[in-house]
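I have placed the structure first, in the form of structure tokens, so that the comments after it can refer back to it.
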Amino acid sequence: MTRVFENKTDLLGAVGETLGSSEWVEVTREMVHQFADATGDHQWIHVDDERAKRESPFGGPIAHGYLTLSLLPLLSKSVYRIDGAKMVINYGSDKVRFPSPVPVGAKVRNTAVLSAIEELPNGSLQSQITNTVEIEGVDKPAVVAQTVARILF
């Protein structure tokens, strides 16, 4: 179920809360190849199935770490939304780690925690969300990222 925030008060009152978890999303071969084309990162560990099966310590091709990170908007849209905002702007990331590789064909989901919120002088808010992207059936997460957004009301 999607957590809906209507106003600043709702957001300010939710600091420290787990907002929820997304549905599972498969990381497909097509996604990996499209990401490789978009970024120019055609490293064999991502795009050469046979070589990755032979030479990779992971037993096959894996998704780019930044591909998994770039899935956060897709994964997060079913977790929470801010209906009362005029605009939400991605402001950056404070910390990003890739503890475990995502095998091509694996499913991932995100769990979001509203770690911090700060009211800015212009009346907008700055939020920090701790995102934990897990891989179905794997103990260690694929990505742990603290993302920062500016929310204008």
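The residues on offer are 58, 35, and the sole one that is in a loop (DSSP other than H, G, I, E, B) and hydrophobic (A, V, I, L, M, F, W, C) is 58.
Looking only at residues in the stretch 78-94 that are in a loop (DSSP other than H, G, I, E, B) and either more than 21 Å from residue 23 (Cβ to Cβ) or in contact with a Leu (Cβ under 6 Å, 6 or more places away or on another chain) (or both), the one that is most open to solvent (accessible area, probe 1.4 Å) is 86.
Being within 20 Å of residue 3 (Cα to Cα), of a type in the set (Val, Ile, Thr) and surrounded by fewer than 21 Cβ atoms within 10 Å (Cβ to Cβ) is the filter here; which residues of the stretch 95-144 pass it? Result: 111, 113, 117, 130, 132. Criterion first (in a helix (DSSP H, G or I), under 16 Å from the mean Cα position of the chain (by Cα), within 17 Å of residue 133 (Cβ to Cβ) and of a type outside the set (A, V, I, L, M, F, W, C)) does residue 99 satisfy it? Judged against the criteria, residue 99 is not a match. Of the residues making up the stretch 4-26, just one is part of a loop (DSSP other than H, G, I, E, B), touching a Ser or Thr at 6+ places or on another chain (Cβ under 7 Å) and surrounded by 12 or more Cβ atoms within 10 Å (Cβ to Cβ), namely 22.
No other residue among 32, 25, 15, 47 is hydrophobic (A, V, I, L, M, F, W, C) and within 19 Å of residue 126 (Cβ to Cβ) apart from 15. Please verify whether the stretch 31-39 includes one or more residues that are aliphatic (A, V, I, L, M), open to solvent by 80 Å² or more (accessible area, probe 1.4 Å) and without any contact (Cβ under 8 Å) to a residue 40 or more places away in the chain. The answer is yes, given that some residue of the stretch 31-39 is aliphatic (A, V, I, L, M), open to solvent by 80 Å² or more (accessible area, probe 1.4 Å) and without any contact (Cβ under 8 Å) to a residue 40 or more places away in the chain. Among the residues making up the stretch 56-73, a single one is farther than 29 Å from residue 122 by Cα, out of contact with any helix residue (DSSP H, G or I) (no Cβ under 9 Å at 6 or more places or on another chain) and open to solvent by 40 Å² or more (accessible area, probe 1.4 Å): 57.
The values are calculated or read from the model by the stated rules, or taken from the named source; none is laboratory data. Bear in mind the structure is a predicted one, so any value in this text is a computation, not a measurement. Cβ atoms come from the backbone with ideal geometry, glycine included; neighbour counts cover every protein chain shown. Note: areas computed on protein heavy atoms with side chains; ligands, DNA, RNA excluded. Shrake-Rupley method; radii C 1.70, N 1.55, O 1.52, S 1.80 Å.
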